[in-house]
Each structure stands twice: as structure tokens, then as C-alpha cells.
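Here the structure is laid out as C-alpha cells; the discussion comes afterwards.
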Amino acid sequence: MKRFLSVALVMLISVTLAFAGGSKEEAVAQDDGPVRMEWLVSQTSAEVDDNAEVVKMIEERFDIDLKTWYVDSAHFWENLNVRFAGGEMPDVLVIDNTAQLAQLVDGGVVAELPIETIREKAPNYAAYCDSHDVNNDLWNTMLYNGKNYGVANPMEQVPMAVIWRKDWLDNLGLEVPTTLEEFENVLTAFVEQDPDGDGKADTAGMAERTFNAIFGAYGLRCVTGGNPGFKVEEMQLGDDGVPFFPYIRPEAKEVLALLHDWYQRGLIDKEFITGENHGGYNWLSHSFMNGQIGVTCAQPYHYLTASTDTSDPGNWGICMKEFKALNPDGDIVFGPAPIGPDGKSGTEGWNKTGRLTVITTKCASDPRKVDAFLAMLDAYYSDPDYARLVNYGIEGKHFASTEYGNVRLMEGTELRKDGVLQVDFGSTSYFAENVDATKTAFGRAVTGNGYWRYNVPACEEYSSVIATLDTLTEQAYFDMITGAKPLDYFDTFVEQFNAAGGAVAEQKVQELQAAKTSM
């Protein structure tokens, strides 16, 4: 997000100029054959084989010539901006969050997609949204200046699971902790009592991915997730329906005091700033797999597919497979988020309004492309076989139907090369009910309260300052946790945060949220 904002203005101006004309000629040229559809679904895409069987099946169904973009995820927005500035543009684009929407619309990248058109061309999607919408969140998510841009999705999400080294707990005769005090006691034992039995004092308790569970014990949503650092652009929606920045709340100072104490005592990995992942699949925790720490956080299916049985390789997710390859005798166990001093607990939850998918002005210039996009959307909400195809691929080649549900036979990059996970709409509620019911039930059973992602309404007051606020917060938090700055610096940080536009942004978002819920 912060990298995107740093060059967004140049990119947007370039795109507007590049696509100011010529689109009608392109549309006419395609009238006699399959319409070319270019998708960029996520930052984990790969170079796709145009002749892959899944690609051909999608093309035949919708009478399209499907081309999927590959953009290196290591520097995603910088690389994407270069292509934008050079006059290239996909037809369909997934944005990270609604904070980007205002700039992309104002810059001529994202096109309006009227709700009336969606209802007409994707009636099954519309009906499903109507039946699963809460406070008009789905239909209001993609609004900007009174117009609709793109689609949100009703999602069946489970929050992050707390995942422990069961073999370490067993070696020390410890139980899975439930309270924050018990949590600290276990982390202390992991540091002081040689849980791996190698005779060396070389283990820590946790690293940055578990921060979200500690903030959750104080009622706050914290995002460290797949990448190191704190994602400030994701605000929190309070129980009273009022959004706020959790990182400047007084409770955050209490969490920072605790994390600093744990860091000083070695309970937090001294290398936490560099993150738990050091290459490969994004949700691999090398710190956890390599025996540096004894607890991590992730989606439960990253480790186990649909059961707590760790003995059957058929139930292992990609992270568990890597873990067992390095630790054949190792084991894991799920635990609850720790209960804090006021009885609160919970972990980070992903978006209940799902993958935010937009069409570009290039797509909007050809009605055939718009119709194809909406037909693909509608099929995802009406045909389980199609939803399974684009998300899982072909049975026997890409996935197997087992007692644990649909189990992938390939992972990540290899799937995407074959055209899987390239034009889907994510783990929607419809998908969870009709394709992944077993996995969904398991996820609900092993997780607890979630602090869900809040989609900030698109507004300039927010999007113009969030990159600055993100950088300011991340540096201040790292400094206070490590002791580079005293805890009293928190008050100075809050003042700087508000003066840098945080106060104005928060107020504007609160106003827009109040207007949205009153609609």
C-alpha cells in the first residue's frame, strides 16, 4: 500500500493519457471472435500457460480469450505502476483495500460499474448478496462519490488460529495456555527450559505473527500477517459501529509495554522485525519450522485441512507439509487466543466483504468484456462445479476429493501456472457452503473471536495520508518494542500521527460510515 501511494499520481496521469482514445477501435476489432479478457487477480499470480486445460475450459464457457497478468509480488505495486505508466492495463483488477479506490477512480484506471447493471447481468450474485448483506456493507463497500465501482463478496472467513509446537509443550509437561498470564508462562518456559532438548539456550517464544493475538487480548485489531510490519491502513470497527485507528488507542500502549518486556526477556524473537517468512510460500513461518519460536498464527487450513488429526499426511496443509519435512517427529496443536485482563480475546480476521474486484476503463470501453466479467461473477455464485474448477482445478490432477474435503495436490505457483486461482472471487460464503463445507466447519471449530477487517470508505482525506501514517506507526512501534525509544514516546507518536492527518482521516471515515449505515 505505501509503495503504491508513493508513485500513484504519476501512474494515474500516465494511464489516463494512454487510454484517452483508441478503445472503440479495439472493441470493434474483437466483434468477430472471442473477446480478449486480461485479469490480474492478486499479488501471488504466476506466468500462466495459455494452453492449460483449465484456461481452455474457462475460455470455452464464456467465449473469451483469457490472458492473466503476472506481476512479481516482491515489488508488486512498483512493477505494476511501470506497466500502467507504459500504457498497459488489465481488464479486471483486484485492489488491496478501498483506500486505493479514490485514487484509481480519479486517475482514470477504475471504471464505474452501476449496481443496476450488476443486478441485471449477475442476478444470482445480486440475490446472494441481498440475502447475506448486513447494514448494506456489501453494496456500499465500493461506493465513491455516489457511484459504484466494482464488487465486494460475502465471505465465509475464520480468524487466525494460534498454533503451538505440541512437541515442545509435551517435552516440558505444559498445557496449551488460555489466559494471557498462562501464555506468558509458556513463552518463558520455551526460553528458559530447553524445549527442543538440544542443550542450547537458543529458543524464543514467539515473533510478529502472534502479535495480533496479544493485541486481541486488549480488544484491538492488529495486522502483522503474512508480511512483517504493521498494516495501519486497516482500521477497526468498534462494537458501537464507529471506526477508529487501533494503533493510537490507550490500550495499545499497554500492549506495547507488555511486548517490550517480553522482548527484553527474550520471549520475542530478536529477529522479529525481519518477519517469520524468509522466502517461498508466503504463510510459511521459517522461525516456527526451524525451531526458533514455539508459537505462530495463521489460517488453520495452512496447517491442517479439515481435522485436528496430525498423523495423516492427507490432512496436512502446505505449512504442515513443510514443518514435517523439517521436523519428522515434531507436532502441532491449535490453541485459543489468550484472554486478556478484561476478559477480551481474539485474533485478526480477514475481510467479511471479501475480494474487492474492479473493472478498468479499458474493460468498460467494450460492453462484451463487461458482460463476460459479470457472467463469470454470476457463475461463481450459481454453479458449484465452476467455482470448484477455478479455485481447485481438475480433480485427480490439481485436487482430490477425500474424507477431509477437497485437498490440493499442487500448491501456490504450480496451480497458478495451470490457470487455477486466477479468475476466482475467493472464499465466498457461497463457496464455503457449496464447495468447502468440511473445511469451513473445521475452521470454525478451532478458532474463536475474530477482529475483522474494516473496509474504509473511499475518501481523499484518508488515502492521501495513510502511507505516511503507516510508515510513522511501524517505525514507532518497532522502536518502542525493542527499546530504541522509551514507552513514554507513545504519547508523542499519537500527537505526530494526528498532526500528520490521522485525526482528519479518522473523522472523515467516521462521518462516511455513519452516512453509509443510515442509507
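The values are calculated or read from the model by the stated rules, or taken from the named source; none is laboratory data. It should be emphasised that the depicted structure is a prediction, and the values quoted were computed from it without experimental measurement. Positions of Cβ are generated from backbone atoms using ideal geometry, with glycine treated the same way; all protein chains shown enter the neighbour counts. Protein only, heavy atoms only, side chains kept; ligands, DNA and RNA dropped before computing areas. Shrake-Rupley method; radii C 1.70, N 1.55, O 1.52, S 1.80 Å.
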Find the residue count for segment 379-388, including only residues that are in contact (Cβ under 8 Å) with a residue 12 or more places away in the chain and open to solvent by 20 Å² or more (accessible area, probe 1.4 Å).
3
Have a look at K362, K324 and point out the one that is open to solvent by 10 Å² or more (accessible area, probe 1.4 Å), touching a strand residue (DSSP E or B) at 6+ places or on another chain (Cβ under 9 Å), free of Cβ contacts under 8 Å to residues at least 12 places away in the same chain and not in a strand (DSSP E or B).
K324
When segment 390-410 is examined, which residues are found to be closer than 19 Å to S307 by Cβ and among the charged types (D, E, K, R)?
E403, R408
For helices (runs of 4 or more DSSP H) lying entirely in segment 412-471, having 2 or more residues that are touching a residue at least 12 places away in the same chain (Cβ under 8 Å) and among the acidic types (D, E) picks out 460-463
Answer yes or no: is there a residue in segment 494-513 that is of a type in the set (A, V, I, L, M, F, W, C), open to solvent by less than 10 Å² (accessible area, probe 1.4 Å) and within 18 Å of T353 (Cβ to Cβ).
yes
When only residues in segment 287-313 that are open to solvent by less than 30 Å² (accessible area, probe 1.4 Å) and in a helix (DSSP H, G or I) count, which is nearest to V158 (Cα to Cα)?
P300
Any idea how many residues of segment 175-186 are open to solvent by less than 50 Å² (accessible area, probe 1.4 Å) and either more than 29 Å from the chain's Cα centre (by Cα) or farther than 23 Å from H302 by Cα (or both)?
4
Which condition breaks for N455 when tested against (1) open to solvent by 30 Å² or more (accessible area, probe 1.4 Å); (2) closer than 22 Å to P243 by Cα?
(1)
Checking Y430 against (1) more than 24 Å from T308 (Cα to Cα); (2) surrounded by 20 or more Cβ atoms within 10 Å (Cβ to Cβ); (3) modelled with pLDDT under 90, which test does it fail?
(3)
Segment 160-173, residues that are open to solvent by less than 50 Å² (accessible area, probe 1.4 Å) and out of contact with any His (no Cβ under 9 Å at 6 or more places or on another chain)
M160, V162, W164, R165, D167, W168, L169, L172
Number of positions in segment 472-484 that are open to solvent by 10 Å² or more (accessible area, probe 1.4 Å) and in a helix (DSSP H, G or I)
6
What's the number of the only condition in (1) assigned to a loop (DSSP other than H, G, I, E, B); (2) touching a Leu at 6+ places or on another chain (Cβ under 8 Å); (3) under 22 Å from L174 (Cα atoms) that G330 fails to meet?
(2)
From the list T117, T68, T141, exactly one residue is of a type outside the set (A, V, I, L, M, F, W, C) and under 14 Å from L377 (Cβ atoms). Which is it?
T117
Residues satisfying the stated conditions in segment 122-159, i.e. touching a helix residue (DSSP H, G or I) at 6+ places or on another chain (Cβ under 6 Å), open to solvent by less than 10 Å² (accessible area, probe 1.4 Å) and under 30 Å from S307 (Cβ atoms):
P154
Every listed condition ((1) part of a loop (DSSP other than H, G, I, E, B); (2) touching a residue at least 40 places away in the same chain (Cβ under 8 Å); (3) more than 18 Å from T447 (Cβ to Cβ)) holds for C222 save (3)
Does segment 243-271 hold any residues that are under 20 Å from P195 (Cα atoms), of a type outside the set (S, T, Y) and surrounded by 15 or more Cβ atoms within 10 Å (Cβ to Cβ), and which are they?
W262, R265, G266, L267, I268, D269, E271
